[in-house]
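What follows is a short report on a single structure.
Bear in mind that the values in this text are calculations on the coordinates, not laboratory data. The shown structure was predicted, so the numbers you read here are calculated from the model rather than taken from an experiment. Every residue, glycine among them, receives a Cβ derived from its backbone with ideal geometry; neighbour counts consider all protein chains shown.
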Amino acid sequence: MSRCIVVIPARLEASRLPGKPLADIHGKPMIVHVWERAMAAEVGRVVVATDSVEIAQAVRNAGGEAQMTRTDHQSGSDRAFEAISRVDPEQEAEFIINLQGDLPTLEPQLVRHCLQPFDEADVAITTLAAEIKDAEERILPNVVKVVGSDVGTPGPGILRALYFTRATAPANDGPLYHHIGIYGYRRSALERFVSLPPSPLEKREKLEQLRALEHGMRIDVALVDTVPLGVDTPADLERAREMLDPTS
């Protein structure tokens, strides 16, 4: 899996936490914490894709690689694809991992887990999920659930995604899985994905990954034991600071 590039899309505009990627966490911008976690995964080159000079400079000051992109992208996937096209024009990288820039507490092994399902040649996209243990999370619409099956997957701990939803699903007894928004793509799959128009269920659920399923692209899900903290609000940021406090 050495032919892999991790791309971290990042932009300054965020409605609930403006300037989020540059938020200070114990002397480092949040985007630098994420870059460090991605580097620690040791799966390949790591590139921050951004339309912000400030973000690019923060990453470069830390010794990282940043690629400037257009300002008009509608999604992180679009920004990631532009960055990949610029930094790897010879298409040497076969696998692309799209890593969110608001996961400063990410455990590096989660990045590696995202590559596991690619052992199956028919898998176009990979992602992660963890079993929901908190009863409240089963009904929260901001906790996205993946409905999947292990029928036809290459081994234990991997599901084939059938649907993603904000609803409580599937019904009746059995585990529910919290989707973790980290994606792996075969390069050809990412190119196809960003060329597709938004799909009906994607717009209804407001979940971009449904576009791939609606167009017949196979997504396999590696099951993991932990859900990284996504920083979306000031309260999330304070929690991240507590979790990463070097004195605790």
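Sort SER52, SER85, SER195, SER149 so the one with the fewest other Cβ atoms within 10 Å of its own Cβ comes first.
SER195, SER149, SER85, SER52
Just one of (i) 27, 22, 17; (ii) 29, 21, 18; (iii) 23, 22, 20 is semi-axes √(5λ) of the Cα gyration tensor in Å as worked out from the coordinates here. Which one is it?
Read-out taken from this structure: (i).
Nearest 0.05, what FRET efficiency do ASN172 and SER195 give at R0 = 45 Å with Cβ-Cβ as r?
0.75
Enumerate lysine pairs in the chain that are 8 or more residues apart or on different chains, then count those whose Cα atoms are under 19 Å apart.
Lysine pairs satisfying the spacing and distance rule in the chain number 4.
Can you sort CYS4, CYS114 from fewest to most other Cβ atoms within 10 Å of each residue's own Cβ?
CYS4, CYS114
For a footprinting-style exposure proxy, rank HIS33, HIS26 by other Cβ within 10 Å, fewest first.
If I rank by nearby Cβ atoms, fewest first, I get HIS26, HIS33.
So if each residue of separation counts as 0.36 nm, and I subtract the Cα-Cα distance between SER149 and VAL87, what length gain in nm does that give?
Here the segment from SER149 to VAL87 would lengthen by 18.7 nm.
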